[in-house]
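Right, one structure below, let's go through it.
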Amino acid sequence: DIKMLENVSELSQAFLNPRTGSPKEIECIRVDGASDEGPSHEEVQFWWTERHFKRPTIATIISARNSGSSHLNRVELQNGCLSLGHANLFIPSTIGGSCTDSNSNSGNVDAAKLAHNMDLATDVYISRVNGSPCGETTIHLYKGADSSKEQERRTHLLVYLKGSREKKKILSISHPSYYEEFKTICELQTRHKIKDLPTQYLFALICCLRQDCIHPVCRSGAYHPSSNVVQWWSKHYKL
């Protein structure tokens, strides 16, 4: 989704340095901290490390709110305003027709038809709720990105991260390109990860600035330990 949001004209400026117009040197991302995005989760750390590598930044910081402060979380406030926007809205799950497999009498759900209906329902929801008031502004809704490729990779990633030694060996033989990709990103994570942080709240990566590193920023030699960005990081995180 974050890749999709980068290409939305109204939001693209959030990812750019306002003075230079180039991508920001440091990315700070706030998350809710749930099981699918919490910075302590091994899989979550992998995906953010991959972004740190593919959209090169000198530092990437993922921070989560503490679990007892939902009332201070702007997302929770927005959810409350959104609930007013979709009050009394009903969208049938069969908006585009039955979701069952018409070629058999089993009554099984046809995955393609279900996906089509959910896609139509999403369009209707956005058309009705987009622009709902929230404080002094309005809520803007965007359709989520197609993550089918990432989902396919994820099945293999989970084997690499959590599978047995035997399953990992099978993965290296059956999908060598995936295996090497995962290995490369995990090695980069080990190299750039800032240790001794409260992992349930914070995950941070910073470039090592060594030219033998695979990260584009490190290899470019564009930064030096005395650069403003590195000095800022060292001052705030006492490295």
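The values are calculated or read from the model by the stated rules, or taken from the named source; none is laboratory data. Predicted, not measured: the structure shown is a model, and the values here were computed from it. Using ideal geometry, Cβ is built from the backbone for each residue, glycine included, and neighbour counts are taken over all protein chains shown. In case anyone asks, the SASA skips ligands and DNA or RNA and just uses the protein heavy atoms, side chains included. Shrake-Rupley method; radii C 1.70, N 1.55, O 1.52, S 1.80 Å.
Mind listing whichever residues of the stretch 89-130 are of a type in the set (Ser, Thr, Tyr) and open to solvent by 50 Å² or more (accessible area, probe 1.4 Å)?
Ser93, Thr94, Ser98, Thr100, Ser102, Ser106, Thr122, Tyr125, Ser127
Specify which of the listed residues (Arg51, Arg19) is modelled with pLDDT of 85 or more and loosely packed, with under 13 Cβ neighbours inside 10 Å.
Unique residue meeting the criteria: Arg19.
For the condition at negative phi, of a type outside the set (A, V, I, L, M, F, W, C) and within 25 Å of the chain's Cα centre (by Cα), what is the one hit in Asn103, Asn130?
Asn130
From the residues in the stretch 22-48 that are in a helix (DSSP H, G or I) and open to solvent by 50 Å² or more (accessible area, probe 1.4 Å), which one is farthest from Glu150 (Cα to Cα)?
Checking each candidate, the answer is Glu42.
Scanning the stretch 131-190 for residues that are among the β-branched types (Val, Ile, Thr) and over 16 Å from Glu42 (Cα atoms), which turns out least open to solvent (accessible area, probe 1.4 Å)?
Ile139
Outside any loop (DSSP other than H, G, I, E, B), touching a residue at least 60 places away in the same chain (Cβ under 8 Å) and more than 30 Å from Arg210 (Cβ to Cβ): is that true of Gln78 in this structure?
Here the answer is yes, as Gln78 does meet what is asked.
List the helices (runs of 4 or more DSSP H) that sit entirely inside the stretch 137-230 and contain at least 2 residues that are touching a residue at least 40 places away in the same chain (Cβ under 8 Å).
148-162, 176-192, 216-220
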